1. Name the single residue, out of those in segment 147-168 being out of contact with any helix residue (DSSP H, G or I) (no Cβ under 9 Å at 6 or more places or on another chain) and surrounded by fewer than 20 Cβ atoms within 10 Å (Cβ to Cβ), that is nearest to Glu123 (Cα to Cα).
2. Looking for something in contact (Cβ under 8 Å) with a residue 12 or more places away in the chain, in contact with a His (Cβ under 6 Å, 6 or more places away or on another chain) and not in a strand (DSSP E or B) - is there at least one such residue anywhere in segment 115-126?
3. Just checking, does segment 143-156 include any residue being touching a residue at least 24 places away in the same chain (Cβ under 8 Å), outside any strand (DSSP E or B) and over 12 Å from the mean Cα position of the chain (by Cα)?
4. For residues that are surrounded by 11 or more Cβ atoms within 10 Å (Cβ to Cβ) and more than 18 Å from Val67 (Cα to Cα), scanning just segment 1-12, find the one that is modelled with the lowest pLDDT.
5. Based on what the data block shows, is Leu92 surrounded by fewer than 16 Cβ atoms within 10 Å (Cβ to Cβ), within 13 Å of the chain's Cα centre (by Cα) and in a loop (DSSP other than H, G, I, E, B)?
6. If we keep just the residues of segment 52-89 that are under 18 Å from Glu30 (Cβ atoms) and of a type in the set (A, V, I, L, M), which is surrounded by the most Cβ atoms within 10 Å (Cβ to Cβ)?
Amino acid sequence: MNKGNADLTEYRTFENEVFDAGNQLSGSYEECLFFGCGFTGAELSGATFRNCTFEQCDFTLAGMKNVALQQVVFRQCKLQGVQFGECRTFLLELRFEECLMRFSTFLKLSLKETVFRKCELQEADFTEADLTGASFAESDLHKAMFHHTILEKADFRTAVKYSINPETNRLKKARFSLPGVTGLLETYGIEIE
């Protein structure tokens, strides 16, 4: 651990810690690893995370208002109901691998090239987000909301259970495979057998 000042924590590993009202994170964290930590209902307001990795952490309903997430990786984390749309947008860069992300929101965020690999994104809200070039490899998008979302060059080839209205979303050069592409026709009430 290297602390340049009380507000900066670098190269530290946090393992199996619980962050709540009595043990809150604040300041900036760079090149840190959080493993098996609990953030359920925690208020992370104003914290900054740069080049950090969160593995097997629980962020259920964690407060993300004004949080900076710059080159942050979430692996096997529980991120249910997290309002990513409240994060700072400057230099926002995220990657999600094997995460449980039901009911999370990404309202109006620029998430270009973001990877969602093997994630459960049921009922996640991507309204007005820019997901240009994003990858949803092997992710479950059951009832995920895409409305006025930019999905150009996004990769849905191995994603499942998505329903995307081509009339209200930008899909130029997005990639789909059969039979998943039928999720583009659901809005028309067409029955395919």
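The values are calculated or read from the model by the stated rules, or taken from the named source; none is laboratory data. Here the structure is a predicted model, which means the values were calculated and not measured. Backbone-built Cβ (ideal geometry, glycine too); neighbour counts: all protein chains shown.
1. The qualifying residue nearest to Glu123 (Cα to Cα) is His147.
2. Yes - at least one qualifying residue is present in segment 115-126.
3. There is at least one residue in segment 143-156 that is touching a residue at least 24 places away in the same chain (Cβ under 8 Å), outside any strand (DSSP E or B) and over 12 Å from the mean Cα position of the chain (by Cα).
4. The extreme case among them is Lys3.
5. Taking the combined requirement at face value, the residue does not satisfy it.
6. Applying the filter and picking the extreme gives Leu69.
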